[in-house]
1. Is there a residue being at pLDDT below 95, in contact with a Gly (Cβ under 9 Å, 6 or more places away or on another chain) and either not in a helix (DSSP H, G or I) or not small (Gly, Ala, Ser) (or both) anywhere in the stretch 32-47?
2. Pairs please, first residue from the stretch 220-239 and on the phi > 0 side of the Ramachandran plot, second anywhere and part of a helix (DSSP H, G or I) and among the β-branched types (Val, Ile, Thr), Cβ atoms under 8 Å, 6+ apart in sequence or on different chains.
3. From (1) over 22 Å from PHE209 (Cβ atoms); (2) in a strand (DSSP E or B); (3) of a type in the set (Phe, Trp, Tyr), pick out the condition that doesn't hold for PHE76.
4. Taking only the stretch 141-159 into account, find how many residues are in a helix (DSSP H, G or I) and among the charged types (D, E, K, R).
5. Restricting to the stretch 172-209, give me the number of residues that are in contact with a helix residue (DSSP H, G or I) (Cβ under 6 Å, 6 or more places away or on another chain) and assigned to a helix (DSSP H, G or I).
6. Run down LEU21, LEU82, LEU120, LEU104 and say which single residue is under 25 Å from ASP208 (Cβ atoms), at pLDDT 95 or above and outside any strand (DSSP E or B).
7. Hey, among GLN81, GLN68, GLN61, which residue is within 26 Å of LEU178 (Cβ to Cβ), without any contact (Cβ under 8 Å) to a residue 12 or more places away in the chain, among the polar types (S, T, N, Q) and surrounded by 13 or more Cβ atoms within 10 Å (Cβ to Cβ)?
8. Working only within the stretch 180-201, note down all residues that are under 17 Å from ASP233 (Cβ atoms) and either exposed (fewer than 14 other Cβ atoms within 10 Å of the Cβ) or modelled with pLDDT under 90 (or both).
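The values are calculated or read from the model by the stated rules, or taken from the named source; none is laboratory data. These numbers come from a predicted model, not from an experiment. Every residue, glycine as well, gets a Cβ built from its backbone with ideal geometry; the counts of neighbours run over all protein chains shown.
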Amino acid sequence: MSLNIAVIGSSGAIGTAMTSLLASRYKTASIHAFSRRGQDSPIAGVHYHPIDYQEETSIKQAAKRAAQDTPLDLVFVAIGQLHDGDIVPEKSLRDLSERNFQHLFQSNAIIPALLAKHFLPELNRQNRSVFAALSARVGSISDNRLGGWYAYRASKAALNMIIKNAAIETARRNKQALIVGLHPGTVDSDLSKPFQKAVPDGKLFTPDFSAQKLLTILETLTSDQSGKCFAWDGQEIAP
């Protein structure tokens, strides 16, 4: 069966690795890769498209373009932000700022919510289909034992709630759809570079390793697990 796949955020470390893995594993698939900037090393056969995450019209057009010929079987959202210039994770309440919260909620919760709004209706309703978005273990309220990182934690917790809501609503009209959040582990990327010294040995993953683990999870989950968040090792992350 030929699949129709969309990767959003395809120019980032995990997005690039996932696009390459999907193209290798599903050789007859139609793969649409969306990013704000062009791809440094395009993969033969992959359809690359620009997208402006700050414009909902662009997101809507991207969904329609990807599903123009056939419904989508997999949507993989590989966007998110932890730091940006002088926007860095907070260590205490003294570091909180409205700007940080607005910036990270926009990247980690609002944009994924708008992507869900426009891509979920385009999922295949005849066969199993998947919408997966990168989340983070630090978005778990019950698992929080260190504190700090207020805006990032809160934005990922918000994303997990958006995923849960979307799963409940989508199940009413598309019972075969699976909507999940995924924690990729700590991946060697621009997002993690300032914090890699604190990562235990063996826990800093290559993008390729993380992509392989995440795709294995997506291939094995069932629709009754929709609305949940899973780590790279397949373990469910508590809300």
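1. Yes, the stretch 32-47 has at least one match.
2. GLY227/ILE163; GLY227/ILE168; GLY234/THR216; GLY234/ILE217; GLY234/THR220
3. (1)
4. Residues in the stretch 141-159 being in a helix (DSSP H, G or I) and among the charged types (D, E, K, R): 2 in total.
5. 2
6. LEU21
7. One residue alone meets the criteria, GLN61.
8. VAL199, PRO200, ASP201
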